[in-house]
1. Starting from the Cα of T168, step 7 Å toward the Cβ, then list every residue of region 175-207 with an amide N under 15 Å from that point.
2. Could you tell me whether region 29-81 comes out rounded, prolate or oblate from its Cα gyration tensor? Rule is a ≥ b ≥ c as square roots of the eigenvalues, rounded for a/c under 1.5, then prolate if a/b exceeds b/c, otherwise oblate.
3. With r as the distance between the Cβ atoms of N137 and K228 and R0 = 35 Å, compute the FRET efficiency 1/(1 + (r/R0)^6) and round to 0.05.
4. Taking the Cα atoms of region 234-286, what is the range of coordinates along each of the three principal axes, in descending order and whole Å?
5. Could you tell me which residue out of L213, S184, P197 lies farthest along the dipole of region 171-225 toward its positive end? Charges go on the beta carbon: Lys and Arg +1, Asp and Glu -1, centred on the Cα centre.
6. Size of the dipole of region 29-220 about the Cα centre, Lys and Arg at +1 and Asp and Glu at -1 on the beta carbon, nothing else charged, in debye to 20?
7. Please give the net charge around K122, taking every other residue with its beta carbon less than 13 angstrom from that of K122, where Lys and Arg add +1 and Asp and Glu add -1.
Amino acid sequence: MGTAHLRLIAVKHLFLACLLLPTVALAAETIGIVTMQEGGATLLRGASRYVVAEGVRLMPGDILELADKAFSQVEFTDGTIVGLGSQSRFLALSYPPAGAKASGGELFLLRGWMKLASAPQKGRAIDRYGSPLLELNPDGTAVMQVFAPEAAVFMESGEGRLVQVSATGRTGDPVRLKTSQFFSCKQDQRGSLAARPSQAFLGTLPRSFMDSLPARAAKFKERSVAPKRSGDFTYAEVQDWINSVPAVRRAMVSHWQSKLADPAFRSAIAAGLKEHPEWDRLINPDKHQDSAAGNKSGQPELSGSR
């Protein structure tokens, strides 16, 4: 067999390996499965929009946006189960790599309803549930409601640690929640702790949240469903994410900077830099060259809280 032929075989093998890389990476990054879907829901991943269906795998940075009267249930690889109610806007903000011993994963509810059943402490990857108005570190089952400028948490079972978040992203003093206790607050106003949920909260609680969240992940272990692409999204459709709390704003820069190739998206980002200053380095790179050159320590510059 000639040398040229051997090289051709090697090139073919390398080409096939490159084709398989996206599939391997996708499998490695899976953090959860949509195990229940009622009504319409959209998945925002990268610069594209997809239709959500049962069996779809989630990756870090994925956003779920539910339609009116919809319900989604996501089961994460650490055993955490999350239910999302009508018109919810939900982000898998961070998740530790597979095999990592440390926790530190965070799920974020921009708007809507979320019921969560935290995983056992041993092996738990997700330990924080954020929102524009409050953060919760639970050990048990809780329900979070966020409709700005108000938010509330009901600790159904177990206990949790909660802090309010100001408009600038700063957190207040921690509050301990025990079983059946209820915390409610408004933007930049001190919240209140009660022994039981308010009638207003119970009156709007999604019916699907009245039961426990059933574990269904085993049904999808051998059945992976690819999300169906349904087009792109505009700046106006994701503006609330781009202008959210600092931690979310920074994540959106990472996920959506490729959208700057769209002139309309770039123009909208440039016009609203005061609301999302994290994009300034991409919109005005020349302005930051001098400051980068002057940073002799080599350490990255930080901005914002949380």
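Computed from the coordinates by the stated procedures, all read-outs in this text should not be read as laboratory data. On a predicted model such as this, the values are computed, not experimentally measured, just so you know. Cβ: placed from backbone, ideal geometry, glycine included. Neighbour counts: every protein chain shown.
1. 188-189
2. It is oblate, given that a/c is not under 1.5 and a/b is not larger than b/c.
3. 0.50
4. Largest to smallest, the principal-axis extents are 25, 24, 19 Å.
5. L213
6. 120
7. Local net charge: -1.
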